[in-house]
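In what follows, a structure is listed as structure tokens, so that the remarks can point back to it.
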Amino acid sequence: MPSTRASAATIASLAIIAAVAVAVAGPKRPDAAAAAATALPPDAPLPAAIPPGTVLTIGDPTTQRILEHTGWIKQLPFTVHWAEMSGGPQVNEAFHAKALDVGSAADVPPIHATWTGIPVRIIAVRLRTDPLNHPTYELGIGPKSGIHSLANLRGKRIAYSPGQVQGEVVLRTLQAEGLTPADVKLVELPSTGGDLYVNALVGGLVDVAPIGAGTQAERYLTKYGPDGAKVLPHPAFRDDLTLLYARAEVLADPAKAAALRAYIALWARANEWQRAHPDEWAKIYYQDNQGLSAADARTVVAAAGEPDIPSRWDEAIGLEQTTADIMAKATGRPALAAASLFDRRFEPVAASAAHDEWAREASASVRLAAR
């Protein structure tokens, strides 16, 4: 859950990253032709050799915590500048400033980046093993909205963020209920400002808003349920796609492409570790780092279910295409072939590392049970 502390940290992080980017990049190379000649073609095999002095700026705080906790961070064969940010708007803003190489977000931000002139490629995919029973979002219903079910949405005010997955949740909910955006009033609000959506619901600015399943939804009901607030599940569609994506020009740099290959392998291992150690993960990240109580930390992890690193990206590409289609129709943007966003050179890298880590965890469990 975002907080004022997190927002301040993000602002500071962006400033620091921008300064680092200038320091690392140094003066612009005068010979553009020479730079182009050394660029890695998008269909060339990923290099394995990482030259000394290679630096990546990464916005992936959850993976960072796991790598630090396990000690795997020492296995990164390049220098990392960590950016304390996640979520599409922050990542895309940093991409626009060329202050970030790779970041973590849901399915909409890479699409939105492409539409706003920032070439990006998706280099890692994470799903949930039981997504319909572990949604990322639920629909918060305002205390005085008069809404008792999704059949009551017509004419209501709904919080909407076109550059984030919350906007997709709204549009797909309307679609499932046989409604169009013209049948409701979409109130454009970013969802990255702490409890902005909850405050908008309680203050009567909107009647409906997507809010985080788990702790945020529970707190909303506990605090405002007596006044008439409700939480309703959205219709049966997936909202669990999480991605790592990078600027296309970063992938054209052979040294950085090789570093990203190494990072994705550790990213996949980190996700398998998270799946195998839910209680430990709740403590080291949500309790110790995010400041939640032990009970709330466990609730967040339980609500998220188990991460799933797929061996093939076909399903993820299909989900991304569905998202691109519905967002293009709603925003008047051009059609987008979602497959063009995925750099499938990284697909076997993540799958192999996840399988190897799963095998290690399974072997350790067997040895422990045998004692």
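Derivation of every value follows stated rules applied to the coordinates shown; laboratory data play no part. Bear in mind the structure is a predicted one, so any value in this text is a computation, not a measurement. Glycine also receives a Cβ, built like all others from the backbone with ideal geometry; neighbour counts cover every protein chain displayed.
Computed from backbone phi with θ = phi - 60° and the Karplus coefficients 6.51, -1.76 and 1.60, the 3J(HN,Hα) list for the range 172-179 is 6, 5, 4, 4, 5, 8, x, 10 Hz; x is used for glycine and proline. Computing FRET efficiency as 1/(1 + (r/R0)^6) for Lys329 and His355, where r is the C-beta to C-beta distance and R0 is 30 Å, gives about 0.20.
Between the helical axis of 347-370 and the longest alpha-carbon principal axis of the chain there is an angle of about 80 degrees. For Leu292, nonlocal amide neighbours, meaning residues 5 or more places apart or on other chains whose placed amide H falls under 5 Å from its own, are Gln287. The phi torsions of the range 118-124, fed into the Karplus equation with coefficients 6.51, -1.76 and 1.60 and a -60° offset, translate into couplings of 10, x, 9, 9, 7, 10, 7 Hz, rounded to whole numbers, with Gly and Pro shown as x.
Peptides 66-79, 309-322 ranked from most to least packed, by the mean per-residue count of other Cβ atoms within 10 Å: 309-322, 66-79.
Figure the gain on full extension for Ala182 and Ala248 (residue separation times 0.36 nm, minus the Cα-Cα span) and round it to one decimal in nm.
20.1 nm
Once backbone amide H atoms are built at 1.01 Å from N, Asp308 has Leu127, Arg128, Thr129 as its partners under 5 Å, excluding neighbours fewer than 5 places away on the same chain. Beta bridges from DSSP with both residues in the chain: antiparallel share about 65 percent, rounded to the nearest 5.
In percent, rounded to a whole number, the relative contact order of the chain is 24, using alpha-carbon pairs under 8 Å and six or more apart. If both residues of a DSSP beta bridge must be in the range 135-232, then about 60% of such bridges are antiparallel. Once the chain from Ala48 to Gln75 is taken as fully extended at 0.36 nm per residue, the excess over their C-alpha distance is 8.3 nm. Against the chain, whose longest principal axis comes from its Cα atoms, helix 4-25 is set at around 20 degrees.
Counting only Cβ charges, +1 for Lys and Arg and -1 for Asp and Glu, the dipole size of the chain around its Cα centre is about 300 debye. Before anything else, pin down the relative contact order of the range 135-232: Cα pairs under 8 Å, at least 6 apart, normalised by residue count, whole percent. After rounding, I find 47 percent. With a Cα cut-off of under 24 Å and a minimum spacing of 8 residues unless on different chains, the lysine pairs in the chain number 15. Evaluating 6.51 cos²θ - 1.76 cosθ + 1.60 at θ = phi - 60° for every residue in the range 315-326, the Karplus couplings come out as 5, 4, 5, x, 5, 5, 5, 4, 5, 4, 5, 6 Hz, glycine and proline recorded as x.
Annotation: amide H of His81 within the under-5 Å range of Leu56, Thr57, Ile58, sequence separation 5 or more or interchain, hydrogens built in the peptide plane.
Helical content alone sets the calculated 222 nm signal of the chain at -14000 deg cm²/dmol, taking -39,500 (n - 2.57) per DSSP H segment of four or more residues and averaging over every residue.
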